[in-house]
Amino acid sequence: MSTREVEPDVFLSRAVELTVRIAIVALLVVWCFQILRPFIVPVVWGAIISVAVHPAQLWLTSKLGGRQKLAATLLTVLGLLILLVPLGLFAGSLVESAQALQARIAGQPIAIPPPPADVADWPLVGKTVHEVWAGAATNLGDTAKQFSPQLKAVGGWVLAAGAGTGAAVVQFVVSLLIAGFFLVSASGGVSAIGAVTRRVAGAEGERYLALAAQTVRSVAVGILGVAVIQSALLGIGFVAVGVPHAGIWALLCLGLAVLQLPTFLVVLPIVFYAFSVETTAVAVVFTIWSLVAGLSDNVLKPILLGRGATVPMLVIFLGAIGGFILSGFIGLFIGAIVLSLGYEITLAWIADAADDEGDGEDPTAPRVAPTGDAEPA
């Protein structure tokens, strides 16, 4: 039997063996992914939190005489307190409000005052609002039955939102605990991740890893940190004016600031409220304070978002917002990391292409004429 007759059989056998190996590895990867899928989001959140607070852990470790585990434990407990204490106060206030409403309903029937006459003059919706309001004032039960499908839909949405909020809180608590574990084993984790990135990206792996960590910190400070500062300033103004449930309004401002939406959607009605219940001087001061606090992100964000980053602030910002639109809240970080890495890889590819073009021909070398004689440089 000749060599040419044997080679196709050997090639086919090796191709089949390689296909089987790839299929087994792919099956194992998919299987592992299915097993770990319920834990992926908490683990990713834990990694993001640990990367964001790692500089604080280093500072606290130095203050505690090098006790890394104690610093990680204190930061984890502090994070849990920051999350759970406001939620507990909010839940307690909500329960008290519900109990007061229930006692009021039990003590006397709900009475809705008739609508003012000028409601019917409102543009577009005035007539409809006046009719529904007058019907509810006359016979609330019949009006409720008339709008029962809409009320059921709203009630279902409220229940779903409440359940989603509870699940998010539990998930975030688990993420904080995972972040604490990552902080305890920070040195070993960094070494392991560095080995993986070097395996995947070669010599540039460590630089990309440092870029991802810096991007997480930039987003945490430049978007979340600015949103916290902005909502805190607005909350101080709400408390000073005596706005009812000021904490809830400040929380709504925090959500809008994180979503990169204008906080004036919440502040503007409160400004009108201040002018209706306070003196003109107090209302004007509150309006100026709210204006400064609402526009503070335009000053803080350019300072904090790109601080220490090697990529332009616009790349981080677009990645964060696009990631949020695509993947929700966690996309703020994932989108910024992916777009920053893509930006750096694109620059490296362009630089390598330019180097290859430069190495292809030496501009100082003499050119060869078609006749074979060298032209002078």
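Worth a mention:
- 3J(HN,Hα) from dihedral phi, the range 33-38, Karplus parametrisation 6.51/-1.76/1.60, rounded to Hz, x for glycine, proline: 5, 5, 5, 8, 4, x
- Phi angles across the range 204-219 convert, under the Karplus curve 6.51 cos²θ - 1.76 cosθ + 1.60 with θ = phi - 60°, into 3J(HN,Hα) values of 7, x, 5, 5, 5, 5, 5, 5, 4, 5, 5, 5, 4, 5, 5, 5 Hz, Gly and Pro given as x.
- Summing charges over all other residues whose Cβ lies under 15 Å from the Cβ of Thr61, with Lys and Arg as +1 and Asp and Glu as -1, gives +3.
- For the range 204-353, with +1 on Lys and Arg beta carbons and -1 on Asp and Glu, the positive-most of Ile337, Gly255, Leu314 along the dipole: Gly255
- About its Cα centre, the range 204-353 has a charge dipole of approximately 180 debye under the convention of +1 per Lys or Arg Cβ and -1 per Asp or Glu Cβ, with nothing else charged.
- Computed FRET value (nearest 0.05) for Val132 with Leu314, which takes r as the C-beta separation and R₀ as 51 Å: 0.60
Values in this text are rule-based calculations from the coordinates and carry no lab data. Everything quoted here is computed from the prediction, not taken from an experiment. Positions of Cβ are generated from backbone atoms using ideal geometry, with glycine treated the same way; all protein chains shown enter the neighbour counts.
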